[in-house]
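Asks: Starting off with a structure, shown below.
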Amino acid sequence: MPRSVPVVRTALALAVLLPLALTGCDGGVHGTPGGYGLHDPYFPRAGDGGYDVAHYGLTLAYDPARHLLTGTAVITARATQDLSAFDLDLKGLQVRSVDVAGEGAAFQRAGQELTVRPHHDLDRGETFRTTVRYAGAPETLTDPDGSKEGWLRTADGALALGEPVGSMAWFPGDDHPSDKAAYDIAVTVPKDLQAVSNGELASTATAAGRTTYRWHEAEPMASYLATVAIGRFTVSRSTLKGGLPLYTAVDPTQAAASRAALAELPGILDWEQRVFGPYPFSSAGAIVDRPKDAGYALETQTRPVFPGAPDTRTLVHELAHQWYGDSVTPATWQDMWLNEGFATYAEWLWDEDHGGPTAQQTFDRLYDDASADDPVWSFPPGRPSDAAHISDRPVYARGAMVLHKIRQTVGDVAFLGILRGWAAAHRHGNASTAQFTAYVEQQAPGDDFGAIWRDWLYGDGRPAHP
Ligand code: TRP
Ligand code: ZN
């Protein structure tokens, strides 16, 4: 990304802040405004580098009949630099008030940036609490690739999907995968409806014709993996052999068609634990819903979303993301193949272990069937061409091919050690492609991966040798 971009952006942000600074009432300004985007190479406006969120407490109410969302977000964060102001991402909705550390704060909106100027500057290292009260008609956003995310309507409610930058449609936050946090999400809905989210259901309470569902996600979660599903659901609860609680919520129109695949969920989780290592979260499950504008599944944390009855393969894929994507989360959106290449390779391994083609056969068929002008070779998985292409085939299929090349090089036993070891080494954290290549090299010091990185991970076009 050209260096001039963040410079221009900071200048704009300062201009926006100027009126606030003039009306601000404290002396002794020592902080500087936060990062105005963490400078993700693909989504430069997402997030703010000036603070690190530890916890989101979201108290939401939604009435589908009025399409009105009312929210209070209590964001507990630590300043990573002295701050005179900082940015939250929020798209649409009206902000009623912002408090920082219990005092009213000035705020300003420009595009997706909600710029907050606290009454008192924040010191580097200080933990501070920001409360944002907001309301309005939440929006369905359009991704750079044209697909829909954010707040999606369903026949009987709504569904929130956030990859890559859709969480800002329903709560203010640091909307970048590098800032993971714990969440408590309470959703109040008309009492004939239900609300499902990430983690465990802590309580439900009905009063005055409305029911509040309180969900708790203790393990770090990237904002793009947060979800809320509101509507009527057939809920089923059970416990896996090791004690892991399962909670599945299925749109009643999809219940019959979903039954067979969802019955496989325990078996898939069991197989994935044997291959990838211990399941990284405190609960699991699935949400099957019918969003009006989106037809893709998403690996929302602990409880992936399916846009209609899933098949086994899609379940295997989204559950594999719980290790690769949700627990080990990309450092930036450039590292997307660390999600999709791994989840795709999980499908290949599943086939291999369940009477289907071996991963080698899948690899060979892909390579042989895709001539030099096939879209699978249109860019290297380690460097997608732009934000509109981070979910294209090179990221998925060619990403999986990179993993298979590693397997060919190190052998099956060492390869499975790498898959498990990578999940363990960055459990509940973030990791980049450079960290992955370094990790592989460190695990197999006798092998040379130079040609794999050069031709398969970062090279243009169809690599010469399969
Ligand atoms: N991550 C999803 C999956 O493959 C696919 C997806 C949904 C996606 N929305 C996206 C990928 C936005 C990139 C960007 O399981
Ligand atoms: Zn995926």
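Asks: Would you confirm whether or not region 209-225 contains a residue that is touching a helix residue (DSSP H, G or I) at 6+ places or on another chain (Cβ under 7 Å) and at pLDDT 95 or above? Steps first, answer last, please.
Replies: Step one: of region 209-225, the residues touching a helix residue (DSSP H, G or I) at 6+ places or on another chain (Cβ under 7 Å) are 223-224.
From what is left, the residues that are at pLDDT 95 or above are 223-224.
Within region 209-225, one or more residues are touching a helix residue (DSSP H, G or I) at 6+ places or on another chain (Cβ under 7 Å) and at pLDDT 95 or above.
Asks: Same structure, new question: Can you tell me how many residues within region 259-275 are within 24 Å of the chain's Cα centre (by Cα) and not hydrophobic (A, V, I, L, M, F, W, C)?
Replies: Going through region 259-275 one residue at a time, the tally reaches 4.
Asks: Which condition does T314 not pass, out of (1) more than 10 Å from ligand 1 (Cβ to nearest atom); (2) in a helix (DSSP H, G or I); (3) open to solvent by 10 Å² or more (accessible area, probe 1.4 Å), if it passes all the others?
Replies: For T314, the exception is condition (1).
Asks: Follow-up question, since we're still on this one. Just checking, which of D386, D373, D353 is without any contact (Cβ under 8 Å) to a residue 12 or more places away in the chain and more than 16 Å from ligand 2 (Cβ to nearest atom)?
Replies: On the way: D386 fails: without any contact (Cβ under 8 Å) to a residue 12 or more places away in the chain; D353 fails: without any contact (Cβ under 8 Å) to a residue 12 or more places away in the chain.
Only one candidate passes the filter, namely D373.
Asks: Out of region 450-466, which residues are in a loop (DSSP other than H, G, I, E, B), open to solvent by less than 50 Å² (accessible area, probe 1.4 Å), in contact with a helix residue (DSSP H, G or I) (Cβ under 6 Å, 6 or more places away or on another chain) and on the phi < 0 side of the Ramachandran plot? Walk me through it before giving the result.
Replies: Taking region 450-466 as the starting set, the residues that turn out to be in a loop (DSSP other than H, G, I, E, B) are 458-466.
After this cut, where a residue has to be open to solvent by less than 50 Å² (accessible area, probe 1.4 Å) as well, the list is 459, 461, 463.
Retained after the next criterion (residues that are in contact with a helix residue (DSSP H, G or I) (Cβ under 6 Å, 6 or more places away or on another chain)): 461, 463.
Listed by number, the list holds a single entry, P463.
Asks: So which of R237, R210, R259, R232 ends up being open to solvent by 40 Å² or more (accessible area, probe 1.4 Å), among the charged types (D, E, K, R) and closer than 18 Å to L159 by Cα?
Replies: Working: R237 fails: closer than 18 Å to L159 by Cα; R210 fails: closer than 18 Å to L159 by Cα; R259 fails: closer than 18 Å to L159 by Cα.
Only one candidate qualifies: R232.
Asks: Next up: Taking region 291-302, which residues are open to solvent by 10 Å² or more (accessible area, probe 1.4 Å) and either more than 14 Å from ligand 1 (Cβ to nearest atom) or free of Cβ contacts under 8 Å to residues at least 12 places away in the same chain (or both)?
Replies: Correct list: K292 only.
Asks: Is it fair to say Q361 is surrounded by 24 or more Cβ atoms within 10 Å (Cβ to Cβ) and outside the structural domain of W215 (by TED's automatic domain parsing)? Walk me through how you get there before you give the answer.
Replies: Working: surrounded by 24 or more Cβ atoms within 10 Å (Cβ to Cβ): no; outside the structural domain of W215 (by TED's automatic domain parsing): yes.
In short, no.
Asks: Under 6 Å between Cβ atoms, which residue pairs at least 6 apart in sequence (or on different chains) link something in region 214-236 that is within 17 Å of P280 (Cβ to Cβ) with a partner that is assigned to a strand (DSSP E or B) and open to solvent by 10 Å² or more (accessible area, probe 1.4 Å)?
Replies: H216/D184; H216/E200; H216/A202; A218/A182
Asks: Scan V305, V288 and give me the residue that is open to solvent by less than 10 Å² (accessible area, probe 1.4 Å), within 11 Å of ligand 1 (Cβ to nearest atom), modelled with pLDDT of 95 or more and among the β-branched types (V, I, T).
Replies: Working: V288 fails: within 11 Å of ligand 1 (Cβ to nearest atom).
Just one listed residue meets the conditions, V305.
The values are calculated or read from the model by the stated rules, or taken from the named source; none is laboratory data. Just so you know, these numbers come straight off a predicted model, no measurement behind them. Methodologically, a virtual Cβ is constructed for each residue, glycine included, from the backbone with ideal geometry; neighbour enumeration extends over all protein chains shown. Surface areas here come from the heavy atoms of the whole protein model, side chains and all, with no ligands, DNA or RNA. Shrake-Rupley method; radii C 1.70, N 1.55, O 1.52, S 1.80 Å.
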